[in-house]
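Some notes on the structure that comes next.
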Amino acid sequence: MFILWRSWITFTAIIATVLIVLALLSSLQHNALYSDLIRQRLSVVAQTTADSFKSVVNLGLPISMVRNARQILERGQQTDTRITAIYTFNPSGIIVHTTDPNGPKNAPDEVILAQSLAETSEWSVESESELFSGISINNAAGTTVGNIVVVYPKEEFSARTTAVVKHIASITLGLLVIFSSAAFLLLRLRLSGAIHGLARLNSLFDNMRSGNGSNHQPAPMKDEEAVKLGFLRSDIETIEARLQQATEDYESARNRLGITDAEPDFLSPGSEDSDSLSTVMTSVPETSLARLIAGKLMPWAGLLIVGSAVVLGMLTIGTVRNSIEPEISNRTALMGTVINNNIQLAVSAGVPLENLVGAEQYFGSFLLEFPEVAYIGVATGRIILEAGKREDSIYGPSHSSKDLVAYPIKSDGEQIGYIIIDVDSGYIAREFESVLLDLAVVALVAILLAFEVLVVMMSVSLTAPFNRLQHLVTLQATGDFSKRVEASGKHAVDRIGAMLSRRADLLHAAFTRASATILPGDSSEQSRSLEEIEGRFSLSTQRPKLMLFSYLNDIRLPLFLVAAADELPLAFFPLFTRAANNPLSWLDLGVVISLPLAGYLLAIMAGSPYARPLADRFGHRKLILLAAVPIVASHVGLYLSSNVIEIILFRTLSGFGYAIFTLACQDYVLDIVPKDQRTRSLGIYSGVLFAGVFCGAAMGGVLADRLGMDTVFLVSAGLVLISGLLVYRLMPGRRGPLIAADDQAGQATASIWAPLRSHRFSTLVFGIAIPANVLMQAFISYLVALYLNQLGASAADTGRTLMVFFLMIALMGPATARVTDGRFDPALVSILGAIISGVSLLLGAAWGTQLGLFVAVLFAGIGHGMVRGPQVSVAMSIAETDLAHLGSNAVLGSLRTLERGGSIAGLILIALIGSNLGYPVAIGVVGVWCLAGVTAFIGSIALSGGSKTLREKQQS
Amino acid sequence: MKTLKIAVVVLVLVCSFSWPTTDARAQANKEFTIYMVFWRGCEETCAGFKEYIAENGIDAELVIRNANRDKAKLPTFVEEARALKADLVVTWGTSVTRGIAGTLSDQGDPQFINDIPVVFMVVADPVGSKIIVSYEKTGRSNVTGTRNRVPEAVNINTIRSYFPAFKRLGILYNTNEYNSVIKVKEIAGLAKTMNFELVALELELGSDGKPRAESIPIRMAELEAAGVDFIYLGSSSFLDVHRDIFTQSAVDHGIPVLSPYERLVRESHALLSIAARYQDVGRLAGRQVKSILIDGQNPGDLPVLSVDQYAYVINMTTAKKLNMFPSVEILQIAETVE
C-alpha cells in the first residue's frame, strides 16, 4: 500500500503547492490592484484640484499666495465625504494649505519620497493607515512649485482586502480537499496493479526474513495473481527471479565462508571506519520500474496541477472582478461629480448655461487627463455643449444598466440642465484584460513551481527506492556483493533493499574475519580459496561500498529557487538604488543606478572560470552549498543596507555566488549524465533555470508593492536557504571516482585564451555563444525595455514581453533538447536556434511596433532556448576531441568567461549604438551579429568536416 | 475791561498749558509713539494696522495725520514727528513717503526724516520711485516697508486668462502722482515683451494742479475709439477715489477694467482684480513695526515684506453688463461678487 500513500502524499503536496502559491500570489495581486484603483480614484480629485492651482501658477503667482486656497481644497474634499484631508505642500515638504488645520505641519516622509521618485506628475503611495494620491504642479520651466495630496483612510481598503483574502483562502482549502480526494480515488484506480505488486514484494520479504534459506522459496505466482499486477507485472517477476538468484548466491557464499546459522550476525568492529567508506556515484539510467511508475503518474499529476490551478484561477477572477467593478464605477461617478460641481459653480456664479465660456476647453482637457471618459456633454433638452465621441456601442459593462451617467445642473433651486458622461467601454475591457493576464502569469508561476516540486518528490519518495532495490538486486543476482544501499523506509521495497545490504555486510564481515587468519604470502589452499571467494563474490576486507545515486532532478528545485531568488529584486532594483542614500553625488545619477548591475555582471564574469576547478576540488555538493552562502549573505545585506555603496557591494557579491552556484549545477549535470543524454539534460537545465527567472521576474514587482522592497530581499534569502537545504538533503555528497566521468580534471589554472586555437571552438565562442549572450544582455535586458517605452508601452506590457522570453526558453529548451537529442547534432540545433534568433531580431527591428517587438522577443526566446543547451554540448565534445589536451575544465572555463565578457562589451557597444543611431538600428545590429556569427560557425564546421565526426562520436 | 483781558489771558494760558500736558501725560503712559501719515485718511490699512498692534500687545500711542491729498502739508508733519519724538513713522502711499522720508538722493537732507525709523505701505513701486534700492535691501538704514501688489506681469496674465484674445491695453494716468507716471512707464516696457499694445492717456490737470473728474469720461470715450480691449488702472489714488465714475464710465463704453485695488471690484464696477486685502497690508506693516520696536531690529536690515495672500476677484454684475463671462477654469480659483 505504500505506493498508494506515497503517491497520494506527493500529489497532495503538489496540489497544495499550486493552490497555496496561486492563492497567495493572487491575493497579493488583488490587494495591489485594489489599492491602486482607490488611489486612481483619488487622483481624480487631486488632478482636478491641481488643475485649479495650475491656473494660478500660469498667472505667475505662487500657489501659497492664493487667498482662497483653503476653499478650493474644501470643494475637492466635498466630492467624497470619506476623504480625510486635502493639502498642498511645497518642495521642502512643508504643508502650505490644508483642509485639516489640526493635521501635521509637514508632509509624511513616504509622501515626500514617493513624490521625489515619481517620473510623472501623478504619483501615489500607501502607508500603514492611509492612502495618498498626489499631483505635482510644475511651472512653465518644468520645476515643481507645489504638490497636492489627497488623504484617504484605509479602513475600507483593509476590510475589503481581508474579506477577499479570507474568501480566496476558503476556496483554496475547499479545492485542496476536493482535488486531494479526487487524487486519492484516481490513484486507487490506476495503481491497483502496483499495489498488488508491492504486496507481492511484501510477502517475498516476509519469506526471506523468516526463511533465510533457499529451501523456503515462495511459490511462483499464479497467472491470475500475476495479471493483477498490471503494468508492474514483468518488473516484479524479474525482481522475484533476481531475488531468488541473489539468495542462492548469498547462501553459496555463506557456505563457502563457513558461516553457520549459529554465527552471530554482527559486524566486526574496525570495518566501520568511515574514512574508508567510499561512495560511488553513478549516473543513473532509470530503472524500468521507476520509469514506469513515473510515466504512469506524471500525466495525472500534470492534469491535477493544471486543473486545480485553472479552477482556482477562475474562481479568483470572479472575486477580483467583484472588487474591481464597483471601484471603477466609483471613479466614473466621481468624475461626473467633479465636472458637475465645476459647471454648477459657474452657473451659480451667474454665468448663463448657454454661454459657458471655456467649457468645451475644460471638457477637452478633462478627456485628455482621464482617457476612460469618452464623451462629456451638457444638455438642456438638447445638447448645447459637448466634447469627445459618443459611443454607439451596445456593449457596456454588464453591471450598469446604461452607459450614460447624468448629473443635474441647478439654478435657483430648479434644474435647468444636466451633464452626460459616456465611458469608454473599450478602456475598461482593456483594464480587465490586464487583470486576466496578470492572473494568468501568477497561475503559470504556481504551475511551474508545483511541477518542479513534483519532480523532486517523485524522485525522492517514489522512484528512488525502486531504483535502489533494482540496482542492488541486479548486482547481487550476478553474485556481486560489493555494494550496499542506505534504505531506511518501512515498506517492502526499502526493507528488501536493507536486507540485501545487510547480507553484503555480513559477507564482508565474515570475509574479513577469515582473511585475518591468513598471513600475507601464505599460499595455502585456504588462502587460495579465499582469493577465489573474493573474486567470485567481489568481497573485500572493508565494508561494501555505499551506492549513492545522482539524478539530474537533484539540482532542479534548488536551481529553480535560486534563479527565482536572484531575479526577484530586478523589477524594482533601479528604484531601490535611487531611493537610497547616495554618497556618490559627484557621479551622474544614471551611472550610479547602473553600477550595481555592472558589478553583478563583472562578478559573474570573474567567477565563471573558477566554477569547474572548484567543483573538482570540493565536490559539487559542497561547492553548491558554499556558493549559496554569499548569495544569502548578500541578500540579507541588501535588506539591511542603507546607502548606494553597500548596495553595489552586496549586489556584486551576490553575482559571484550566483555564478558559482549555477555553473556548479551545470557541471554536476555534465558530470553525472551519460554523454548520449547530455544535450537533453543541458536543455532541461536551461529550462529550469529560466523557469526560475521567469517566476522571479513575474513576482518581484507585486511582492515589492505589498511587502515592501526590503522584505523581498529577505524572501530571496529564504528561497536560497531552502534550496541549500534541499541540496544538503538530496544531493549525494561524497567525493569519489566518478564512474561516468571520462575526462581528466585538467589544470586548475585555466588559461581562457588557450582553447581558442581550435577554430571550431573560437567560432563557437565568437559566433554562437557571444552573440547569444549579447542577445540576452543587450537586447532583452536593455534595448527591449527602452524601445517599448519609446513606442509608448506601459511598464506592465514591457514586463510581460520580457517574461515571454524567459518562458519560451523554459518551455522550448527542454522540449527541443528532448526531441533532438540523439537524432541531431547539437551543433546543428544551435545553428538553427541562432538563425531563428537573428532573423526574429531583424524582423522586430523592421516591423517597428509593440506587437512586432513582442513577436520578435518570443521567437528570439525560442531560438535562444535552442542554442543554450546544445552550445555547451558542442563545447564539451570539442573538449573531448580537438582540445582533449586541455581538458574540459579549461574549455568550459574559457567558454563561460569569454561569453560573459563578450556580452558585457557587446552591451556597452549596443548601448552606444542605441543612443546614437536609435533603438531599431541597434536591434538590427544584434540580429546581424547573430547571423554573421552563425555563418562563421557553419563555415568552420564545413571546413573541418567536423559535424560528421561529432555525430560519429556521439553514436559511439 | 481790564479784568476781562486778564481773564482771557489766563484762559488762553491755561488752555495752552493744559493741552500739551495731556499729551505729555499720554506720552508718559505709553511706551512708544507711532506717527502715521495718510494721504486720504485712515481706512482699511489703518484698521488692519491698529488691529495688529492691539493683538500683539504693542504698547504704543498712534498719532494719526491726514494729508488729504495735499503735498504741502507734509513738511509740517515732518516737524511734528520730530517734535513729538516719535519712535517710528508710518507713511501711506508714494506721495506721502516721498514727502516724509524723501528719495535716495535726499538722504541726510534735514527736510526729511532720516533718523527716525520709517515704515511705508501702499507704495506701488518704491524702487521705481527711488525711495529704496531694492526689496531685499532698502539701502537706507532707517527705511523699510511692505509691498502689496502682484508683479505687473501677473496682471497682464490675468487679463489674458480672462480674455485670451486680448491685444490692446488702455491706461489713464495723472501726472500729479509720481507713482501713476512711473507705473505707465513700467507697463509700456512690458508691452514689448508680453506682446500687447498700450494706449496711455493723461488725465487733464486743473488749475490747482490736480486732475479733474470730468476728464475721465472724455478719456474713456477716446480709449473706446482707440479699440482698447481692457483697461488697467495702473497706480492712481485719484482714480481710486473717483472709482465709481471711472468704472461706470468704462462699463458704459463696454470696456472691462482690471484694478489693483480690490475695492473697485467689490464696491464699484471694475470687472477684475488680483490684489491683496488692504487689511492684510496694514497688518504686515504692523509686523515690520514689531520687528523694529519690540525685537530691536534696524529698519535698514529688514527686507520689504510682501503680502502673501492675493485674491482673484470677479464682479459678476459687471460681467453680465459687459457680456464677458469668466471661463469654467477661472471660476475654480476666483471669488465672485455681485
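Between B:ASN195 and A:ILE645, how high is the FRET efficiency from 1/(1 + (r/R0)^6) when r is the Cβ-Cβ distance and R₀ = 41 Å? Nearest 0.05.
Numbers: r = 52 Å, r/R0 = 1.28.
After rounding, the FRET efficiency stands at 0.20.
Would you mind computing the Rg to Rh ratio of the stretch B:180-254 from its alpha-carbon coordinates, Kirkwood style for Rh? Present the calculation step by step, with values, prior to reporting the outcome.
On the way: Rg = 12.6 Å, Rh = 13.1 Å.
My calculation of the ratio gives 0.96.
Charging the Cβ of each Asp and Glu at -1 and of each Lys and Arg at +1, and nothing else, the dipole of the stretch A:62-154 about its Cα centre rounds to 440 debye.
Shown for chain A: the carbon plus sulfur share of the solvent-accessible area, taken with all protein chains present and a 1.4 angstrom probe, equals 59%.
Placing a pseudo-label 7 Å from each Cα along the Cα-to-Cβ vector at A:ASN789 and A:VAL177 gives an inter-label distance of 5.0 nm. Within the assembled protein chains, the solvent-accessible surface assigned to A:LEU28 is about 30 Å², based on a 1.4 Å probe.
Placing pseudo-labels 7 Å out from each Cα toward the beta carbon at B:ALA221 and B:GLN297 gives an inter-label distance of 5.3 nm.
Between A:ASN102 and A:ALA241, what length comes free when the chain is fully extended (0.36 nm per residue of separation minus the Cα-Cα distance, one decimal in nm)?
On the way: separation 139, 0.36 × 139 = 50.04 nm, distance 8.93 nm.
Residue separation times 0.36 nm, minus the Cα-Cα distance, leaves 41.1 nm.
Think of the protein assembly as shown as having a plus end and a minus end, set by charges on the Cβ of Lys, Arg, Asp and Glu; of A:SER716, A:GLN245, B:ALA275, A:GLN245 sits farthest toward the positive end of this dipole.
Only alpha carbons enter this Debye calculation for the stretch B:37-155, each as an equal point scatterer, and the log10 of I(q)/I(0) it gives at q = 0.10, 0.12, 0.21, 0.22 Å⁻¹ is -0.29, -0.42, -1.29, -1.39. Between the stretch A:514-576 and the stretch A:456-493, what is the separation of their alpha carbon centroids in Å? Rounded to whole Å, the Cα centres lie 14 Å apart.
If I model a spin label at A:ALA884 and B:LYS290 as a point 7 Å from the Cα along the Cα→Cβ vector, what separation in nanometres do I get? Simple spin-label model gives 9.8 nm for this pair. Phi-derived couplings, Karplus 6.51 cos²θ - 1.76 cosθ + 1.60 at θ = phi - 60°, listed residue by residue for the stretch B:207-214: 5, 8, x, 10, x, 9, 4, 5 Hz, with x used for Gly and Pro.
Two numbers describe the Cα atoms of the stretch A:744-824: Rg and Dmax, which are 18.1, 54 Å. Note on A:ALA140 and A:ASN90: the extension gain reaches 16.3 nm, defined as 0.36 nm multiplied by sequence separation minus the Cα-Cα distance. Burial here means at least 50 square angstrom less accessible surface with every protein chain in place than with the chain by itself, probed at 1.4 Å; in the stretch A:34-64 the buried residues are A:SER55, A:LEU59, A:LEU61.
Using alpha-carbon pairs under 8 Å, 6+ residues apart, how would you state the relative contact order of the stretch B:94-213 in percent? Intermediate results must be reported in sequence, preceding the final value.
Numbers: 148 pairs, mean separation 26.3, N = 120.
Contact order relative to length: 22 percent.
Relative contact order for the stretch A:582-664: 49 percent, from Cα pairs under 8 Å spaced at least 6 residues apart, divided by residue count.
In this calculation the C-beta distance from B:ALA213 to B:LYS130 is compared with R0 = 30 Å, giving a FRET efficiency of 0.55.
Would you tally the net charge around A:ILE780, using a Cβ to Cβ cut-off of less than 14 Å, leaving A:ILE780 out, and scoring K and R as +1, D and E as -1?
Once all neighbours under 14 Å are counted, the net charge is +1.
Once all protein chains are placed together, A:MET866 keeps about 20 Å² accessible to a 1.4 angstrom probe.
Loop-only trypsin sites (Lys or Arg not before Pro) in the stretch B:129-215, please: DSSP not H, G, I, E or B, and at most 15 other Cβ atoms within 10 Å. Counting only loop positions with at most 15 other Cβ atoms within 10 Å, the trypsin sites (Lys or Arg not before Pro) in the stretch B:129-215 are B:LYS137, B:LYS167.
Ligands, DNA and RNA left out, the 1.4 Å accessible surface of chain B is 54% carbon and sulfur atoms. Exposed loop sites here mean GluC sites (Glu not before Pro) with a DSSP loop assignment and at most 14 other beta-carbon atoms within 10 Å; chain A contains its longest site-free run at A:487-956. I need the shape label for the stretch B:126-262. Rule: rounded when a/c is under 1.5, else prolate if a/b > b/c, else oblate, with a, b, c from the alpha carbon gyration tensor. In terms of gyration-tensor shape, oblate.
Translational diffusion coefficient of the stretch A:496-632 at 20 °C, 1.002 mPa s, Stokes-Einstein with Kirkwood Rh over Cα pairs, in µm²/s as a whole number. Present the calculation step by step, with values, prior to reporting the outcome.
Details: Rh = 21.2 Å.
Approximately 101 µm²/s, per Stokes-Einstein.
Ordered by 1.4 Å accessible area with all protein chains kept, A:HIS635, A:HIS620 run largest first as A:HIS620, A:HIS635.
Starting from 0.36 nm per residue, how many nanometres of slack lie between A:GLU325 and A:ILE9 once their C-alpha separation is accounted for? Walk me through the numbers on the way to the answer.
Numbers: separation 316, 0.36 × 316 = 113.76 nm, distance 3.99 nm.
So the extension gain works out to 109.8 nm.
Mean projected area of the convex hull spanned by the Cα atoms of the stretch A:635-680, taken over all viewing directions: 3.9 nm².
Taking Cα centre as origin and charging only the Cβ of basic (Lys, Arg, +1) and acidic (Asp, Glu, -1) residues, the dipole magnitude of the stretch A:490-572 rounds to 380 debye. At q = 0.19 Å⁻¹ the log10 of I(q)/I(0) for the stretch B:208-338 amounts to -1.02, computed by Debye summation with a single uniform scatterer per C-alpha, solvent ignored. Short-range pairs are left out: with C-alpha atoms under 8 Å and at least six residues apart, the relative contact order of chain A is 12 percent.
At the listed q of 0.26, 0.28 Å⁻¹, the Debye profile of the stretch A:611-663, built from one uniform point per Cα, gives log10 I(q)/I(0) equal to -0.87, -0.95. Buried on complex formation within the stretch B:305-319 (loss of at least 20 square angstrom of accessible surface versus the isolated chain, 1.4 Å probe, ligands and nucleic acids ignored): B:ASP308, B:GLN309, B:TYR310, B:MET316.
Averaging Cα coordinates gives a centre for the stretch B:232-285 and one for the stretch A:4-55; these two points are 58 Å apart. Using the Cβ-Cβ distance between A:GLU486 and A:THR120 with R0 = 41 Å, the FRET efficiency computed as 1/(1 + (r/R0)^6) comes to roughly 0.10. For the protein assembly as shown, the dipole from Cβ point charges (+1 on Lys and Arg, -1 on Asp and Glu) about the Cα centre works out to 1220 debye, to the nearest 20. Summed over both chains, the contact between A and B buries some 2400 Å² of accessible surface at a probe radius of 1.4 Å.
When the alpha carbon coordinates of the stretch A:812-956 are projected onto the principal axes, the ranges are 49, 30, 26 Å, largest first. Averaged per residue, what accessible surface does the stretch A:461-616 expose to a 1.4 Å probe, in Å²? I get 39 Å² per residue for the stretch A:461-616. What separates the Cα centres of the stretch A:124-165 and the stretch B:96-156 is a distance of 46 Å.
How would the protein assembly as shown be classified by its alpha-carbon gyration tensor: rounded, prolate or oblate, with rounded meaning a/c under 1.5 and the a/b versus b/c comparison settling the rest?
Values: a/c = 3.05, a/b = 2.82, b/c = 1.08.
Prolate is the answer for the protein assembly as shown, as a/c is 1.5 or above and a/b outweighs b/c.
Take the stretch A:782-914 with all the other protein chains still there, run a 1.4 Å probe, and you get 33 Å² of accessible area per residue.
The values are calculated or read from the model by the stated rules, or taken from the named source; none is laboratory data. For clarity, every value in this text was computed on a predicted model and none was experimentally measured. Virtual Cβ from ideal backbone geometry, glycine too; neighbours counted across all protein chains shown. These accessible areas exclude ligands, DNA and RNA; they are computed on the full protein's heavy atoms, side chains included. Shrake-Rupley method; radii C 1.70, N 1.55, O 1.52, S 1.80 Å.
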